[in-house]
1. Of all DSSP beta bridges in the chain, what percent run antiparallel (nearest 5)?
2. Highest GNM mean-square fluctuation, the chain, Cα pairs closer than 10 Å: which of T175, T223, T152?
3. Run the simple label-point estimate for A283 and E318 please: 7 Å along Cα→C-beta, distance reported in nm.
4. With the Cα gyration tensor of segment 29-161 giving a ≥ b ≥ c as the square roots of its eigenvalues, does the rule (a/c under 1.5 for rounded; else a/b larger than b/c for prolate; else oblate) give rounded, prolate or oblate?
5. With 10 angstrom as the radius, rank E181, E146 by how many other C-beta atoms surround their C-beta, starting from the fewest.
6. Ignoring everything except DSSP H segments at least 4 long, calculate the 222 nm mean residue ellipticity for the chain; use -39,500 (n - 2.57) per segment, divide by total residues, nearest 500.
7. Which of the peptides 54-64, 292-302 is most tightly packed, and how do the rest follow, judged by the mean count of other Cβ atoms within 10 Å per residue?
8. Highest first, please rank the peptides 125-137, 226-238 by the mean number of other Cβ atoms sitting within 10 Å of their residues.
Amino acid sequence: MIKYEYTANFHQHTVYSDGTGTHSEVIRAGREAGLQVMVFTDHNIFVPDKEGWHGDLLALMGIEVNDTQQHPEHSHFLALGVDRDLNEYAADPQALINKVNQLGGAGFIAHPFEHAAPRFGEGEIPWKHWDVQGYTGLEIWNYMSEFKSFLTGKPRAAYAAFFPDRFITAPFPETLAKWDELTRAGRKIVAIGGADAHAQTYSMGPITRKIFPYRYLFSAVRTHLLLDEPLSRDVPTAKKQVLDTLRAGHCFVAYDLIGDTTGFSFTAQNADDQMIFSDAATAVAIQGDEITLGKLNMLTLSITVPARAEIRLLRDGEIVATERGQSLQFVVSKPGVYRVECYKVHKTKWRGWIFSNPIYVRAAA
Ligand SMILES: [Zn+2]
Ligand SMILES: [Zn+2]
């Protein structure tokens with residue numbers, strides 16, 4: 001069973017692309033924010049010799065790859081855990097995905113849906129190649145993308161820049177709908193959440209504001225990794241553990257700024273496990289796992305949350321149970337893709353707090 005939980009960020013930029021911090025500044029900000037794993041993802045450049053442990057923070061390398069011949073440069077892909085430039089594959093997303101897999105990395109579609117902020121010279125840069133196969137998952141919540149969607153006029157933008165947590169609410173509904181559509185079709189698609197940290201400065205008339213400091217973003221939307229062993233102090237071993245955990249979907253997306261999500265749990269227990277069947281199906285599943293309904297055609301989903309919240313259980317994208325409290329148990333006898341969303345009131349509004357990865361409940365063989 002899961003004994004170790006790590007807070008992680010898989011999307012961040014440095015001075016090597018369009019960020020404003022050096023690697024060591026970004027690492028310091030991550031440590032101050034309590035991050036335990038981070039992956040650098042500068043645009044279209046692999047920066048060597050930056051992986052290692054810094055106190056309790058493991059820094060790893062990745063790249064955000066996109067085709068620079070496109071205007072605007074849409075379809076960004078996070079190639080995590082790779083060890084070289086992948087620019088020769090930028091124009092061919094399927095070849096890029098295949099190469100990331102071949103290198104033992106994990107690949108995520110970054111900010112799948114995006115909205116333009118034309119007043120601020122920001123074009124729309126969504127993903128446009130939905131026919132691709134073999135990628136690990138989707139970045140379902142990108143803090144900066146959501147923020148950008150509020151930049152619809154100057155007064156509103158200035159207000160949002162100073163009070164971002166009054167605006168940030170949840171992943172885009174179209175992203176969640178796309179994710180459900182893909183998993184309903186039988187694919188395992190892992191969700192992560194990312195800061196997309198740049199710490200860029202935006203100017204709005206007389207107001208200039210750094211949007212947002214790294215430390216702030218690293219405390220906001222994060223991904224929690226669930227492991228049954230602690231991360232090794234040996235960097236190549238720890239890197240493999242992180243990538244294996246991501247590919248397995250043993251993780252959830254959390255908006256920790258409005259409340260610490262550590263300890264959130266979503267599991268499935270097959271009823272056969274409580275009976276004596278010599279050939280019992282897989283007994284217990286966690287987020288990212290597949291489990292079959294078994295001989296009794298029944299299993300129990302258990303959710304526990306570290307603080308009171310509105311817990312929603314979804315099957316194939318439709319809500320099947322809601323509970324306000326700290327736990328929810330639900331017996332299911334229908335196959336489907338089950339996932340959890342938790343909401344919490346922050347600054348007078350319900351906001352997304354936890355988005356689990358799915359448990360894939362398959363029909364009995
Ligand atoms: Zn991007
Ligand atoms: Zn980015």
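1. Around 75 percent of the beta bridges assigned by DSSP in the chain are antiparallel ones.
2. The residue that fluctuates most here is T152.
3. A separation of 3.4 nm, rounded to one decimal place.
4. Working: a/c = 2.16, a/b = 1.20, b/c = 1.80.
Since a/c reaches 1.5 but b/c is at least a/b, the shape of segment 29-161 is classed as oblate.
5. Numbers: E181 14, E146 23.
Least crowded to most crowded, the residues run E181, E146.
6. About -5000 deg cm²/dmol.
7. So the peptides 54-64, 292-302, ranked by packing, come out 54-64, 292-302.
8. Put in order of decreasing packing, that is 125-137, 226-238.
Rule-based calculations on the coordinates, nothing more; no lab input. No experiment lies behind these values; they were computed from the predicted model shown. With ideal geometry, Cβ positions are generated from the backbone for all residues, glycine too; neighbour counts draw on all protein chains shown.
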